[in-house]
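Participant: Would you mind keeping the following structure in view while I ask a few things?
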Amino acid sequence: MAKAPRLGSAKTRLAQSLPPAAVIELYRCLLDDTMALAKSLDDVDVAIMCPASDVEDLSRAARDTIPIVAQSGDGLAAGLESVFVHFAAAGHRRIIAFNSDSPHLPAYVLKSAFQALDQCDVVVGPTHDGGYYLVGATASHPRLFTGDRMGTTNAFEALLARVRALGLSVRLTDPFYDIDVAADLMQLAAELRLAPARAPRTAVWLKEWAQAAAPLRTSTAEL
């Protein structure tokens, strides 16, 4: 799941810490690394689900290497539901939705999520801040995402409550973090300095940005 790399659309919370143009360039790197992560898995069909207005921009960003699919309806819940409707209609019975906020996610986590769906109805990857970074299911469940508030501090518990209400079985993957605010970005930068291959394009951008920002910080301190 993705949005077009446009000002005011992607990574809006990071815009409080970075110049607008930097936010968009960072988002392009996150998106590229996430696409590479998804395509690194064997025997997996990959598509980008997005708002209808973003299809053209994301087609250019993906350089026609991944199909771009317009979601039905507006908002996050509609996007999530569209993922499962799209792939279930094609006959898939192990479907996972995740966004471009975790390009550094180890591939084994995604593999374990697919494996979990052999033994349960739903799989969820919780984040440390109370949200979730992935959700998978063996079928489309229209009411699973009703009122979804992914990214809020209680999104994970709200999703589990709906899973239980629908009588579905669930398993969890390892807790992880996604890139929402400046503190997340600082943590990612520290990790990618040691292991840049986890998200190579993002690692390069972070290194270049740190070098460019250093003189600015020095000048500000001197003032």
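Participant: Which of (1) free of Cβ contacts under 8 Å to residues at least 40 places away in the same chain; (2) open to solvent by less than 30 Å² (accessible area, probe 1.4 Å) is the odd one out, the single condition Gly91 does not satisfy?
Facilitator: (2)
Participant: Whether any residue in segment 161-169 is at pLDDT 95 or above, under 17 Å from Met1 (Cβ atoms) and in contact with a strand residue (DSSP E or B) (Cβ under 7 Å, 6 or more places away or on another chain) is what I want to check.
Facilitator: No, that holds for no residue.
Per-residue answers, yes or no, for (1) small (Gly, Ala, Ser); (2) open to solvent by 10 Å² or more (accessible area, probe 1.4 Å); (3) assigned to a strand (DSSP E or B):
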position	(1), (2), (3)
His104	no, no, no
Tyr108	no, yes, no
Lys111	no, yes, no
Phe114	no, yes, no
Asp118	no, yes, no
Gly125	yes, no, yes
Tyr133	no, no, yes
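Participant: Among the residues of segment 82-102 satisfying the criterion of being part of a helix (DSSP H, G or I) and closer than 24 Å to Pro5 by Cβ, which is nearest to the chain's Cα centre (by Cα)? Full working, then the answer.
Facilitator: Step one: filter segment 82-102 for residues part of a helix (DSSP H, G or I), giving 82-89.
Those still in the list that are closer than 24 Å to Pro5 by Cβ too: 82-83, 86.
Working: Ser82: 15, Val83: 13, His86: 18 Å.
The extreme case among them is Val83.
Condition check ((1) more than 25 Å from Gly91 (Cα to Cα); (2) at pLDDT 95 or above) across all residues:
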position	(1), (2)
Val122	no, yes
Asp129	yes, no
Phe145	no, no
Ala195	yes, yes
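Participant: Please find, among Ala221, Ala210, Ala183, the residue that is more than 21 Å from Leu26 (Cβ to Cβ), modelled with pLDDT under 95 and either open to solvent by 20 Å² or more (accessible area, probe 1.4 Å) or not in a helix (DSSP H, G or I) (or both).
Facilitator: Details: Ala210 fails: more than 21 Å from Leu26 (Cβ to Cβ); Ala183 fails: more than 21 Å from Leu26 (Cβ to Cβ).
Going through Ala221, Ala210, Ala183 in turn, the sole match is Ala221.
The values are calculated or read from the model by the stated rules, or taken from the named source; none is laboratory data. None of the values given here were measured: they were computed from a predicted structure. Methodologically, a virtual Cβ is constructed for each residue, glycine included, from the backbone with ideal geometry; neighbour enumeration extends over all protein chains shown. Protein only, heavy atoms only, side chains kept; ligands, DNA and RNA dropped before computing areas. Shrake-Rupley method; radii C 1.70, N 1.55, O 1.52, S 1.80 Å.
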